[in-house]
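What follows is a short report on a single structure.
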Amino acid sequence: MEVAANPAAVKDKLSMVVFSGDLDKLIAAFTIATGAAASGMEVTMFFTFWGINVLKKEKGRKGAPSFLGKMFDMMMPKNMNKVPLSKMNMGGLGPFFMKKMMKKKRVMSLPEYMQLAKDLGVKILACSMSMDVMDIPKEDLDYVDDFAGVAAFLAEAAESKITLFI
Amino acid sequence: MEVAANPAAVKDKLSMVVFSGDLDKLIAAFTIATGAAASGMEVTMFFTFWGINVLKKEKGRKGAPSFLGKMFDMMMPKNMNKVPLSKMNMGGLGPFFMKKMMKKKRVMSLPEYMQLAKDLGVKILACSMSMDVMDIPKEDLDYVDDFAGVAAFLAEAAESKITLFI
Amino acid sequence: MEVAANPAAVKDKLSMVVFSGDLDKLIAAFTIATGAAASGMEVTMFFTFWGINVLKKEKGRKGAPSFLGKMFDMMMPKNMNKVPLSKMNMGGLGPFFMKKMMKKKRVMSLPEYMQLAKDLGVKILACSMSMDVMDIPKEDLDYVDDFAGVAAFLAEAAESKITLFI
């Protein structure tokens, strides 16, 4: 299929895979996503692998039913307030300074960015395969508009002007 | 050149750079690539830098002819069965659990994904500059459809709806 | 807005976010950027977060005015000659071997790539939010065509055939 056959196929839209669960990359992802949404673009974020951690509820999670799932859960950040930096993490000191600096400079925190994304109508997809592999129950996630497979994401990406893997 | 002048330039195609040699990112790359190919898209994967390791033969490699090349080879994963996780690698324990979980949940392994990619007609390009820098002989790689430079990849990407760097 | 309404919106152009400050990813970014520019594409590189380090002057920097900024600066690579590898850094031994191998194979160094990018007319944008958060004064950066926010980058990306996050 060529665009010529269907010129309406491409929209003013941005689609990104959020694979990373690192504070710095997540801030980059949300800055791009909310910036695009604020300027009128349609935006879809597909959270997968480590990125899923950012969607976890702060309280009242059921947790993984299986032993392997519990092991995974134990090793991963509990929620978006606990995510590390990809560089210079230094046992949490890096994220501490980064957050301090962001606050001082009035840059939004991750929870604020997520709220803004929701307010601006950014579509939040959670990767169903990742949830299955890591044994994360649907009820343990927040903010999600839809649980989706890669095919659903690709359909969104194929009609987007901007596609990113973060 | 603008698309208006050549509306047939953009195809229903996905092109990705596979720079990473980490198990988790490679699984994401193959899930996206095979998902796209299964839904009828044309798909090109351009393996470069650490990503090249996934193309290495399991047995009978000649190895790098130079001393520096041998050093590189020694420090890198031997083939796709030996690649680490980008996070929580824990000396190989992370990949062990990840693979166990994937098997339990009937998610494909890396070798199975590669086979599926080949079966679905995904085009596998190996970056000739990376091979030259790391002194990897052509005969040591498997699965490759073509050895290519960045210009060849860019020509594929420019006619793609979805472009990703993984 | 759909492309159909404005078919001239998409140009033969590549836009990338350079988030990483790692030697290997930066070489990949510059290889792609200069390769695209050499083949006649318009190219924009948006340097943000760790990527900003590559733009730092070698000599005569003023440095961050604030205490937190000074802390950040101290922890980060001084300039493009000091950036680490994302893998196998081994306290600087990895980059040492990588550079040796690149020289032997006549692959360009980072400073040579930057010069080539400038010569080929690649547009270099520095992320103003990152500079603000890390307290980096404008005068401490080199090579920059424009200081820009994410909205400016998105406008460039939306008219590009190829978009990447590196």
Original post:
Out of curiosity, is B:Lys13 under 20 Å from the mean Cα position of the chain (by Cα), open to solvent by 40 Å² or more (accessible area, probe 1.4 Å) and closer than 30 Å to B:Ser160 by Cα?
Top reply: no
Original post:
Limited to region B:84-102, what total is found for residues that are at the interface with chain A (Cβ under 10 Å from one of its Cβ atoms) and open to solvent by 50 Å² or more (accessible area, probe 1.4 Å)?
Top reply: 4
Original post:
If you scan region C:26-47, which residues turn out to be at the interface with chain B (Cβ under 9 Å from one of its Cβ atoms) and either over 15 Å from B:Thr48 (Cβ atoms) or touching a residue at least 24 places away in the same chain (Cβ under 8 Å) (or both)?
Top reply: C:Ile27, C:Ala28, C:Ala29, C:Thr31, C:Ile32, C:Thr34, C:Ala36, C:Ala38, C:Ser39, C:Gly40, C:Met41
**OP:** Take region B:54-91 and flag every residue that is at positive phi and out of contact with any helix residue (DSSP H, G or I) (no Cβ under 9 Å at 6 or more places or on another chain).
**Re:** B:Gly91
**OP:** Output the number of the condition that A:Leu68 fails; it satisfies all remaining conditions of (1) part of a loop (DSSP other than H, G, I, E, B); (2) under 15 Å from A:Met131 (Cβ atoms); (3) within 10 Å of another protein chain (Cβ to nearest Cβ).
**Re:** (1)
**OP:** Among residues belonging to region C:67-83 that are open to solvent by less than 40 Å² (accessible area, probe 1.4 Å) and of a type outside the set (A, V, I, L, M, F, W, C), point out the one that is farthest from C:Pro137 (Cα to Cα).
**Re:** C:Pro77
Subject >> Single residue of C:Ala152, C:Ala126 found to be closer than 29 Å to B:Lys161 by Cα, within 14 Å of chain A (Cβ to nearest Cβ) and among the small types (Gly, Ala, Ser) >> reply: C:Ala152
Subject >> Positions within region B:121-160 being open to solvent by 20 Å² or more (accessible area, probe 1.4 Å), in a strand (DSSP E or B) and not aromatic (Phe, Trp, Tyr), in sequence order >> reply: B:Lys123, B:Asp146
Original post:
When C:Val43 is evaluated against the numbered criteria (1) farther than 19 Å from C:Phe165 by Cβ; (2) surrounded by 16 or more Cβ atoms within 10 Å (Cβ to Cβ), which criterion, by number, is the only one it fails?
Top reply: (1)
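The values are calculated or read from the model by the stated rules, or taken from the named source; none is laboratory data. Everything numeric here is computed off the predicted structure, so don't read it as measured data. With ideal geometry, Cβ positions are generated from the backbone for all residues, glycine too; neighbour counts draw on all protein chains shown. We work out accessible area using only protein heavy atoms, side chains counted, and drop any ligands, DNA or RNA first. Shrake-Rupley method; radii C 1.70, N 1.55, O 1.52, S 1.80 Å.
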